[in-house]
Structure formats: C-alpha cells, structure tokens
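Input: a single structure, listed below in structure tokens.
The values are calculated or read from the model by the stated rules, or taken from the named source; none is laboratory data. From a predicted model like this one, the values you see are computed outputs, not experimental measurements. Cβ coordinates were reconstructed from backbone atoms using ideal geometry, including for glycine residues, and neighbour counts include every protein chain displayed.
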Amino acid sequence: MNPLPVSDADIHAYVDSQLAPKRMPAVEDALARDPALAARVTELRQQNASLRDAFDPWLDEALPERLVAGAAAPRANRQWMPSWVGMALAAAACLVVGVGLGWFGREISLENDGTPITFTRQAALVHALYASDANRPVEIWAAEEQRLVRWLSRRLGFQVRAPDLNSLGFALVGGRLVAGNENPTALFVYENADKRRLTLQVRKPVNVGHETAFRYAVEDGVGVYYWVEENATYALSGNLDRGQLLAIGRVVYGQLATLEAAPASTAPAATPAPKAPDAMPVPARPPTTAPVQKLS
Amino acid sequence: MSAAAADPPLPAPELLAAIPRMRRYARVLTGDATRADDLVQEALARAWEKRRLWAAGTDLRAWLFTIMHNVFVNQRALARYERNHVSLDAESEAAHGWQVPVRDMQYTRVELSELLQHVGRLPVEQREVLVLAVVEELRYEEIAAMLAIPMGTVMSRLSRAREKLRAVFADNSAVPPLKMVK
C-alpha cells in the first residue's frame with residue numbers, strides 16, 4: 001500500500017486536529033520515519049498553544065455598554081418609526097454613550113455607579129435578556145444555591161449573598177455571572193407563582209465612597225431600584241410597579257444588612273469579614289410606605 | 001411589535017455570548033481596539049437587519065463572523081478609495097491595537113506580547129485565517145465559506161502565516177529549519 005505522499009496541507013490539518021481519519025496512518029507513519037517532520041509538528045503545536053494563550057485573555061475584557069445594547073433588538077423594529085430613523089437615533093445614542101469607551105481609555109470611565117443612566121440601563125438590559133428567557137435564565141439553578149453563591153463570590157472578589165424573598169412570594173430561580181462595563185456582575189433571578197421575574201444584580205462599586213440612597217429609574221419598561229454601598233452596588237429590576245419594587249428593595253436591603261452584621265455564623269466559608277455594620281454607611285431609607293405585604 | 005413578530009428575533013443571550021469573540025476577531029481584522037468595537041457594533045446592526053437570513057439552529061458565531069468580515073472588507077475598500085489608494089497595510093495600522101495586557105501562563109508576558117506584535121505585522125488576510133483556524137478552531141471548510149475563498153487559498157495563507165511566525169522565533173530555537181514536505 002502506498003497512499004498519497006504526506007503534503008503540507010496534511011501537516012497543517014494534523015496539528016489543527018482536523019485531518020481526515022483516512023489520512024492519519026500515512027501522516028503518523030511519515031512522522032515516525034522523519035524526525036525533522038516530527039520536530040516541525042511539535043513546533044507548530046507549540047505555536048498554536050502560544051497563540052491561544054496570547055489571544056484568549058482578550059475574551060475576558062469587559063464589554064462596553066454599546067455592544068451589550070447591540071445584542072438586543074434595535075428599537076426601530078418595535079416602533080412606528082421607519083427603520084432608518086430608529087437606526088440613526090440608536091447610532092446617535094450609542095455615540096453619546098460610547099465615545100471614549102475604548103479598550104485603552106479605561107481611566108476615562110463612563111461607568112460611574114452614581115450615574116443613573118449607564119448603570120440602570122445596563123441593569124435593565126441584563127434583566128430583559130435573562131429574565132425573559134423561559135428555559136435558561138440562569139447558569140446555576142437554585143438547587144445548588146451554595147455553589148452558586150460561592151462561585152459568584154469568587155468571581156466578584158467579595159462575599160455576595162442571595163436574599164431570601166420567599167416571604168414576598170418570590171423564590172430564587174438561580175443566578176449567573178454577567179459581563180459588566182467595568183466589573184463582573186452577579187445576577188440572581190427570582191420568580192413568583194405567576195411566573196413574574198425579578199432580578200437582583202450585584203457588583204463591586206467602581207468608585208469607592210460614592211454611596212447613594214435608593215434611586216429609581218424606568219428603562220425600556222423595566223423598573224430598576226438601585227443603591228450603592230461601600231462594598232457593593234445593587235440593582236433590583238422587574239416589570240412591577242414602583243411601590244412593589246420599593247417594598248422588595250427594602251426587604252433586600254434589610255436582609256443584606258443583617259447578613260453583613262453576622263457574617264461568621266451564617267457564612268461558614270466566608271471571605272474576610274466585612275467591616276463592622278455600624279461602619280457601613282446606611283443609605284437613606286426610602287420613604288416609609290405601607291408595611292411589606294405579600295405580593296402576587 | 002408587529003414588525004418584530006414578522007421577523008423572529010435573534011437569540012439575545014447567544015448573541016451576547018458571541019460578542020467577546022466578535023470583538024477579538026474584529027481586533028484581529030482592524031488591529032485597533034476602538035475601530036474593532038465600531039466594527040462589532042456595525043456587524044450587530046447588520047445582523048439584526050438581516051436576521052431573516054440566519055437559519056435558526058445553525059452556528060450563530062460563524063454567521064456573525066461572516067457578516068463582520070464582509071462589513072470590514074467593504075469598509076476597507078471604501079477607505080482605500082477615499083484615501084486615494086493610500087495603503088492601509090498592516091505595518092502602519094497595527095501600531096497600538098495589539099498592546100493588550102496578557103496573563104502570565106506557561107510563557108512569559110514578554111514572549112506573548114512579542115508574538116501578538118508579530119501576528120499584527122502579518123497581512124490581514126493571513127492573520128485572519130491564522131486566528132480563525134488556530135484560536136477559534138474553525139474548520140478549514142468553514143473558513144473558506146466564511147471568507148468566500150477556495151480551500152487552497154485558506155491553506156496557503158495559513159501556511160505563510162505560520163512560516164513567518166516560525167521564522168521570527170527561529171533564532172532562539174533549536175528546531176531545524178522547515179523543510180517542505182511533498
């Protein structure tokens with residue numbers, strides 16, 4: 001048997017793991033007989049490995065908001081406007097938001113947690129993307145809550161917690177990691193009996209020392225309550241009315257404050273204990289409304 | 001909502017998941033981070049416009065790459081024309097786009113940065129095939145279809161790119177020089 005001689009293309013296919021199986025014996029035979037050829041294959045494989053090592057970290061770059069927005073359907077298609085008008089508007093809006101958001105201009109960060117537009121808009125987009133996904137809104141389901149919380153804490157670099165909203169009729173569905181503009185964001189998804197979903201997003205604040213009170217914004221029909229603490233920034237989003245969302249926000253805030261106050265007992269493998277609770281700046285409480293009632 | 005109902009939407013989570021790879025490919029094409037993001041944004045807009053052409057269930061990444069490649073080629077042709085045939089070769093345009101922090105792995109930071117610099121100096125046609133084949137691990141046939149070029153062209157571009165990189169690093173290497181195998 002004397003198959004086709006081994007070609008240059010065979011060698012490339014071999015190192016790229018896409019050689020047709022029927023060519024394999026011929027190539028392996030040639031490699032066994034020709035040390036120079038074997039050395040070349042080794043060299044090409046090393047080259048492949050270093051190329052992957054060089055290029056793979058690029059995937060970990062945080063996504064600029066304008067590209068996250070690009071993953072959502074352009075508004076033009078939902079509006080009365082002719083599509084080119086919508087496109088132009090979207091492009092103009094993206095320009096305003098996106099100017100200066102290059103890979104290397106990080107010091108000029110548009111993503112300040114105190115800036116309602118960018119932070120809430122991203123929170124609403126993320127909410128819209130994942131909460132609407134019936135089958136796979138989360139990466140890890142609530143059945144593995146401990147693993148989920150451990151994983152997210154590790155990725156965010158501080159202890160995150162999933163508040164228990166069962167008393168309000170919302171059960172934890174699960175969570176996932178989401179690319180934020182600057183810092184990775186943990187996303188927790190909750191659902192009630194009517195299949196309405198809420199999301200809580202947590203991330204490290206970009207600017208330390210910019211605590212804010214509760215703030216509210218509506219983005220694309222999604223209500224977002226957000227607040228910034230010393231250690232973390234939170235956004236609670238849902239297609240609920242403002243009063244319901246506010247009530248839930250108060251519960252979330254209260255639970256997190258309590259958990260922060262007793263880290264050692266409730267979180268066995270906790271990361272370094274957060275600061276004493278009394279040192280934590282307390283956001284101005286939202287205006288007192290009716291006591292939290294069961295939401296349906 | 002009526003128009004959106006007529007055209008089924010693209011799967012947003014998958015689209016979002018594809019963006020980091022689109023950015024990487026765009027950066028390989030343009031050699032510049034800001035222009036890369038412009039290109040991705042443009043390609044995403046085209047993808048939404050042409051979403052009827054995407055066959056659900058097929059590889060979304062490959063489809064997006066194809067769109068982006070076409071946008072890039074068209075923009076480049078236009079830029080060439082507008083600049084009265086001023087060359088846009090890789091040497092001049094790759095200046096700062098490749099300087100990204102690389103993580104320490106089995107190689108030193110310096111070596112990886114150096115490698116990226118050399119990839120940046122390859123002609124765009126060669127570095128694009130190299131990255132699609134090696135880093136994105138696409139099959140040669142897929143690359144040929146994506147770039148609308150014959151398989152033989154894919155192979156020769158890949159071969160030249162590899163040979164150039166090999167030559168650059170050959171000085172420090174004990175590996176014997178390449179011998180053409182026929």
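Of the numbered criteria (1) part of a loop (DSSP other than H, G, I, E, B); (2) of a type outside the set (S, T, N, Q); (3) more than 28 Å from A:LEU240 (Cβ to Cβ); (4) at pLDDT below 50, the one A:CYS94 fails is (1). The number of residues in the range A:1-16 being of a type in the set (Gly, Ala, Ser) and at pLDDT below 95 comes to 2. Yes or no: B:MET68 facing chain A (nearest Cβ under 9 Å), in a helix (DSSP H, G or I) and buried (at least 22 other Cβ atoms within 10 Å of the Cβ)? Judged against the criteria, B:MET68 is not a match. Looking at B:LEU53, B:LEU16, B:LEU29, just one residue is out of contact with any strand residue (DSSP E or B) (no Cβ under 6 Å at 6 or more places or on another chain), within 12 Å of chain A (Cβ to nearest Cβ) and modelled with pLDDT of 75 or more, and that residue is B:LEU16. Any idea which residue in the range A:2-42 is farthest from the other protein chains (Cβ to nearest Cβ), counting only those that are touching a residue at least 12 places away in the same chain (Cβ under 8 Å) and among the charged types (D, E, K, R)? Among those that are touching a residue at least 12 places away in the same chain (Cβ under 8 Å) and among the charged types (D, E, K, R), it is A:ARG23.
Is there a residue being buried (at least 22 other Cβ atoms within 10 Å of the Cβ) and among the polar types (S, T, N, Q) anywhere in the range A:233-252? Yes, the range A:233-252 contains at least one residue that is buried (at least 22 other Cβ atoms within 10 Å of the Cβ) and among the polar types (S, T, N, Q).
In the range B:108-166, of all residues being assigned to a helix (DSSP H, G or I) and among the basic types (Lys, Arg), the one that is surrounded by the fewest Cβ atoms within 10 Å (Cβ to Cβ) corresponds to B:ARG109.
Just one of the numbered conditions (1) modelled with pLDDT of 65 or more; (2) of a type in the set (A, V, I, L, M); (3) touching a Pro at 6+ places or on another chain (Cβ under 6 Å) is not true of B:ALA90: (1). Candidates in the range A:159-196 are the residues that are within 30 Å of B:ASP37 (Cα to Cα) and out of contact with any helix residue (DSSP H, G or I) (no Cβ under 8 Å at 6 or more places or on another chain); of these, the one that is surrounded by the fewest Cβ atoms within 10 Å (Cβ to Cβ) is A:GLU182.
Provide a single number: the residues in the range B:114-144 that are more than 8 Å from every other protein chain (Cβ to nearest Cβ) and free of Cβ contacts under 8 Å to residues at least 24 places away in the same chain.
First, the residues of the range B:114-144 that are more than 8 Å from every other protein chain (Cβ to nearest Cβ): B:114, B:117-118, B:120-129, B:132, B:136, B:138, B:141-144.
Cutting the leftovers down to free of Cβ contacts under 8 Å to residues at least 24 places away in the same chain gives us B:114, B:117, B:141, B:143-144.
The total comes to 5.
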